[in-house]
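The values are calculated or read from the model by the stated rules, or taken from the named source; none is laboratory data. Just so you know, these numbers come straight off a predicted model, no measurement behind them. No Cβ is skipped: glycine too gets one built from the backbone with ideal geometry, and neighbour counts run over all protein chains shown. Note: accessible area is taken over every heavy atom of the protein model, side chains too, but ligands, DNA and RNA are not part of it. Shrake-Rupley method; radii C 1.70, N 1.55, O 1.52, S 1.80 Å.
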Amino acid sequence: MAASFLSYLPASQMSHEKKSTLLTLMILTIAAILSFLIRLFSVLRFESVIHEFDPYFNYRTTRFLVDNGYYDFHNWFDDRAWYPLGRIIGGTIYPGLMITSTILYNLLHSLNITIDIRNVCVFLAPLFSSLTSIVTYHLTKELWSTGAGLVAASLIAIVPGYISRSVAGSYDNEGIAIFCMLLTYTLWIKAVKRGSVAWATACAVAYFYMVSSWGGYVFLINLIPMHVFALIVTGRFNVKVYVSYCTVYCLGTVMSMQIPFVGFQPIQSSEHMAAFGVFGLCQIVGFYQYAASKLSKEELNLLSRFVISATVVVSLVVAMALQLSGKIAPWTGRFYSLLDPSYAKNNIPIIASVSEHQPTAWSSFYFDLQLLVFMFPVGLYHCFANLTTENIFIILYGVTSIYFAGVMVRLMLVLAPVMCILASIGLNKTMTSFMKNLESTNKETPQPKKRADNSYSVKNEVAMAVVAMITLFLTTYVFHCTWVTSEAYSSPSIVLAARGGSDGSRMIFDDFREAYYWMRQNTEEDAKIMSWWDYGYQITAMANRTILVDNNTWNNTHISRVGQAMSSTEDKAYEIMQELDVDYVLVIFGGMVGYSSDDINKFLWMVRIGGSTDRGTHIHEKDYYTPSGEFRVDREGSPTLLNCLMYKLCYYKFGNVYTDANKPMGYDRVRNVEIGNKDFELDVLEEAYTTQHWLVRIYKVKPMSNRGI
Amino acid sequence: MESFYSIPFTILEVPRLRLKKPSWFRMPSPMFVFALVMVSYFLVTAGIIYDVIIEPPSIGQTTDEFGHAKPVAFLPYRVNGQYIMEGLAASFLFSLGGMGFVILDKTNQPFMPRLNRMMLLVIGFISILLSFFVSRLFMGMKLPGYLRG
């Protein structure tokens, strides 16, 4: 009956090829729309606002680019951050994100669709995630088949590992970098399969776009040479690979050096040396294969001996000279900590303190990927069973990104696309091999009376069970992804929401923006604000005031100076504040409402970083603990802690308020204790502003007294 | 041209070395490399790097109302935190689920004895279903509000 109904639809009159094209287009369109829609939770719940910390810097630079044009942007020296050092913004950012937004903005305005730049920034990441879905389809189609490509596009549309860094409002480099990365990989695979210079050039241009958008391009420039090296080792090196790699390496390196932030690193730093080494190796292997086809055996032996000895001697001399003269820089801290995870913990406290840089636990894998962690080995198995030039690439990508995602939780983002691709290969192979076993119910095809294989009598039932099971798994995947996106990854961080009050209704905490707008309207234009580096970008973008340290964290000594000021007593801190010309101090305090990411919880990092430079050697972390080694803010807390500047600024006049009817005055709702030092006055600072829920507290630094007492 | 390449060898004498590639050194088969990759996948998804850096205890402990120490299997309320045993258990399930699908793929070979095929099917289905549903259970034990909002 269903068959007769379907025969009335126009679709059933089409040829098989037209049907499959229609189906492909429909599935890709739905996947693209879905990936856009699932990222809109926070826009619907709150408003179209930029989230977190880093996106505010990108938003400010995009606004500057839109207002002032590219030349001023390229030469921009910002004197409102890192006072008194300033920051060369033009030379220390990856401009791809800002340029993409500006191009879109100008395009829309030229069509008289006047969307505000803030909305372009907020919705850019979901737009690029739709494009990522389509590019993943093309990549998987090149690697395996169209069916696997469609599964991959659908999986990556909603995978939480990618959504976490590309929700609407998260205006960060990763939003477009994943698209650029997958585009580069697609064009690389196309080039390697066809050996054409045109595709390789397109790959180099895509690589240039990738370099302009994210510092993680180092992963690409090491993965592609690793692929070529694996092909050489397994004996699959041929002229197509040679042509593709030489084109991509030469054009890609030259183009990548056009970005000011990258500069001459591709020919100087150790992270790029592997690509150069493989380039040389390609030439040698290619030449050897060419010579072997032309020369006789003795001549070939003589030539090889000469070339090998000459190369060894020359490369040893050159390597020693470069190493001794210091021209080749060693691996930088951020990337070195990927190879040796304990390096950051022991040597660079700033890198170790960021929560995204922690290693990954099993639950992060399951939370961000669910079904994909089961199908990843299946896809790998099928790739190993059918080794081809392109499968080796995806195997290498999968294995390296699993390791990197295990080292740093933030790199789960790089793992998510390859998990989708390999899982789609596994799912596609399993489904096709079992659907072949299903008996057709179409009455026109003749039923084979005899089964070819009498030992497999339940073939049909098993196939139906497998298909039903996979359908169930995919359905639960969708429910999981939607739940995770809605609960975990859609919070703007700058606006908090909670269920509270007498009727359990939703309360909104908009304290951050309240404080920044107060600062914008009530402080002098050239006021300098001291706060911990987390809030730097938000202060410059929203309050438009000069700050001492921000999230770029490029100058550890300067941050350490601020840490020393926060950890010292008021008079010692006053000397530091006079030295740095500070007018206002901003602290975040969560004890009134129970906001746990406040400055008291981050305080130990301020102590560690403050004590890590030579002017801070008088600061010892153990002074801030009780004799039994605990960090406490009540009466038993260490006196150094109870008298330091951060403690006083957070708990000023807090001893006079009730936070809970059953608890004494001055009860801190985050640490769950009554604070130890309640009645004190501030000597050198005065309170300027405290927001409605005491989340942000701003203090004005008093000028030095005239009489010098 | 050959006379140019042989110039260094008029001075240098090539030593008579009898170097042979050791016979036991063969290109590993793809399935051998796959087995190595599976072992590393098991270790990495168990959070072994987290264990080495953060050094959590093997299992946690709470005290109940009588003062007895009760063991706690899962570090609750934190997505990116674990005890060592829970990491190993979870990654065992992930690898088991993947291997279940591989076993299921092997059942489609023609001309297999009926007993072998039935056993492979049973093992394959049990591995897949067990690992999938127990992982959901583990996640629910770790995050008490999982899938409930």
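Count, please, the residues in region A:566-585 that happen to be outside any loop (DSSP other than H, G, I, E, B) and closer than 17 Å to A:Pro703 by Cα.
To start, the set of residues in region A:566-585 that are outside any loop (DSSP other than H, G, I, E, B) comprises A:566-567, A:570-579, A:584-585.
From what is left, the residues that are closer than 17 Å to A:Pro703 by Cα are A:570-579, A:584-585.
Of the residues in that region, 12 qualify.
Looking at A:Ile402, A:Ile425, which is the one that is of a type in the set (A, V, I, L, M, F, W, C), under 21 Å from A:Ile158 (Cα atoms) and more than 7 Å from chain B (Cβ to nearest Cβ)?
Numbers: A:Ile402 fails: more than 7 Å from chain B (Cβ to nearest Cβ).
Result: A:Ile425 is the single residue among A:Ile402, A:Ile425 that is of a type in the set (A, V, I, L, M, F, W, C), under 21 Å from A:Ile158 (Cα atoms) and more than 7 Å from chain B (Cβ to nearest Cβ).
Given the residues A:Asn544, A:Asn601, A:Asn556, which is the only one that is at positive phi and either in contact (Cβ under 8 Å) with a residue 12 or more places away in the chain or touching a strand residue (DSSP E or B) at 6+ places or on another chain (Cβ under 8 Å) (or both)?
Values: A:Asn601 fails: at positive phi; A:Asn556 fails: at positive phi.
Only one candidate passes the filter, namely A:Asn544.
For a quick check of your reading of the model, give me the residue pairs whose first member lies in region A:11-24 and is of a type in the set (D, E, K, R), whose second is modelled with pLDDT of 75 or more, with beta-carbon atoms closer than 7 Å and at least 6 apart or on different chains.
Hits for this filter: zero, empty list.
In region A:543-570, which residues are of a type in the set (D, E, K, R) and under 20 Å from A:Gly90 (Cβ atoms)? Can you show your working first?
Taking region A:543-570 and keeping what is of a type in the set (D, E, K, R), we get A:545, A:550, A:561, A:570.
A:Asp550 - this is the single residue of region A:543-570 that is of a type in the set (D, E, K, R) and under 20 Å from A:Gly90 (Cβ atoms).
To keep it simple, each residue is scored yes or no on (1) under 27 Å from A:Ile134 (Cβ atoms); (2) open to solvent by 80 Å² or more (accessible area, probe 1.4 Å); (3) touching a helix residue (DSSP H, G or I) at 6+ places or on another chain (Cβ under 8 Å).
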{"position": "A:Ser35", "(1), (2), (3)": "yes, no, yes"}
{"position": "A:Pro55", "(1), (2), (3)": "yes, no, yes"}
{"position": "A:Phe77", "(1), (2), (3)": "no, yes, no"}
{"position": "A:Leu97", "(1), (2), (3)": "yes, no, yes"}
{"position": "A:Leu108", "(1), (2), (3)": "yes, no, yes"}
{"position": "A:Leu111", "(1), (2), (3)": "yes, yes, no"}
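Any chance region A:255-266 includes a residue that's assigned to a helix (DSSP H, G or I) and farther than 30 Å from A:Asn556 by Cα? Quick ask: steps written out before the conclusion?
We begin by selecting, within region A:255-266, every residue assigned to a helix (DSSP H, G or I); these are A:255-256, A:265-266.
After this cut, where a residue has to be farther than 30 Å from A:Asn556 by Cα as well, the list is A:255.
Yes.
Consider region B:107-120. How many of its residues are of a type outside the set (Val, Ile, Thr) and surrounded by 13 or more Cβ atoms within 10 Å (Cβ to Cβ)? Talk me through it step by step, then tell me what you get.
Step one: of region B:107-120, the residues of a type outside the set (Val, Ile, Thr) are B:108-120.
If we keep only those that are surrounded by 13 or more Cβ atoms within 10 Å (Cβ to Cβ) too, we end up with B:108, B:112, B:116-120.
Adding up the residues that qualify gives 7.
Every residue, every condition in (1) more than 11 Å from every other protein chain (Cβ to nearest Cβ); (2) within 23 Å of A:Ile402 (Cβ to Cβ), yes or no:
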residue	(1), (2)
B:His68	yes, no
B:Pro76	no, no
B:Gln82	no, yes
B:Leu88	no, yes
B:Ser91	no, yes
B:Phe94	no, yes
B:Phe101	no, yes
B:Asp105	no, yes
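Here are some conditions: (1) surrounded by 10 or more Cβ atoms within 10 Å (Cβ to Cβ); (2) closer than 28 Å to A:Ser164 by Cα; (3) more than 8 Å from chain A (Cβ to nearest Cβ). B:Glu55 meets all but one. Which one does it not meet?
Failed condition: (1).
For a quick check of your reading of the model, give me the residue pairs whose first member lies in region B:114-135 and is farther than 27 Å from B:Leu147 by Cα and within 7 Å of chain A (Cβ to nearest Cβ), whose second is open to solvent by less than 40 Å² (accessible area, probe 1.4 Å) and among the small types (Gly, Ala, Ser), with beta-carbon atoms closer than 6 Å and at least 6 apart or on different chains.
Within 6 Å, the pairs are B:Arg114/A:Ser455.
Which of the following residues is hydrophobic (A, V, I, L, M, F, W, C) and either open to solvent by 90 Å² or more (accessible area, probe 1.4 Å) or in contact (Cβ under 8 Å) with a residue 60 or more places away in the chain (or both): B:Leu43, B:Leu36, B:Leu88, B:Leu104? Can you show your working first?
Values: B:Leu43 fails: either open to solvent by 90 Å² or more (accessible area, probe 1.4 Å) or in contact (Cβ under 8 Å) with a residue 60 or more places away in the chain (or both); B:Leu88 fails: either open to solvent by 90 Å² or more (accessible area, probe 1.4 Å) or in contact (Cβ under 8 Å) with a residue 60 or more places away in the chain (or both); B:Leu104 fails: either open to solvent by 90 Å² or more (accessible area, probe 1.4 Å) or in contact (Cβ under 8 Å) with a residue 60 or more places away in the chain (or both).
Testing whether each residue is hydrophobic (A, V, I, L, M, F, W, C) and either open to solvent by 90 Å² or more (accessible area, probe 1.4 Å) or in contact (Cβ under 8 Å) with a residue 60 or more places away in the chain (or both) leaves just B:Leu36.
Pull up region A:356-382, narrow it to residues that are facing another protein chain (nearest Cβ under 7 Å) and under 16 Å from the mean Cα position of the chain (by Cα), then point me to the one that is nearest to B:Leu130 (Cα to Cα).
So, considering only residues that are facing another protein chain (nearest Cβ under 7 Å) and under 16 Å from the mean Cα position of the chain (by Cα), the one nearest to B:Leu130 (Cα to Cα) is A:Phe365.
Would you be able to tell me the number of residues in region A:659-675 that are out of contact with any strand residue (DSSP E or B) (no Cβ under 9 Å at 6 or more places or on another chain) and without any contact (Cβ under 8 Å) to a residue 60 or more places away in the chain? Spell out the reasoning first.
First, the residues of region A:659-675 that are out of contact with any strand residue (DSSP E or B) (no Cβ under 9 Å at 6 or more places or on another chain): A:661-662, A:669-672.
Now narrow it down to the ones that are without any contact (Cβ under 8 Å) to a residue 60 or more places away in the chain: A:661-662, A:672.
So the answer is 3.
A:Trp82 is checked against (1) buried (at least 20 other Cβ atoms within 10 Å of the Cβ); (2) at negative phi; (3) among the aromatic types (Phe, Trp, Tyr) and fails just one. What number does that condition carry?
(2)
Looking at region A:561-589, which of its residues are within 30 Å of the chain's Cα centre (by Cα) and either over 21 Å from A:Ser638 (Cβ atoms) or among the basic types (Lys, Arg) (or both)?
Passing the criteria: A:Arg561, A:Val562, A:Leu586, A:Ile588.
Any residue at all in region A:75-92 that's part of a helix (DSSP H, G or I) and either closer than 24 Å to A:Arg165 by Cβ or of a type outside the set (D, E, K, R) (or both)? Working first, answer last.
Taking region A:75-92 first, the residues part of a helix (DSSP H, G or I) are none.
No - not one qualifying residue is present in region A:75-92.
Which condition number in (1) touching a Ser or Thr at 6+ places or on another chain (Cβ under 7 Å); (2) open to solvent by 80 Å² or more (accessible area, probe 1.4 Å) is the one that A:Val314 fails?
Among (1) touching a Ser or Thr at 6+ places or on another chain (Cβ under 7 Å); (2) open to solvent by 80 Å² or more (accessible area, probe 1.4 Å), the lone unmet condition for A:Val314 is (1).
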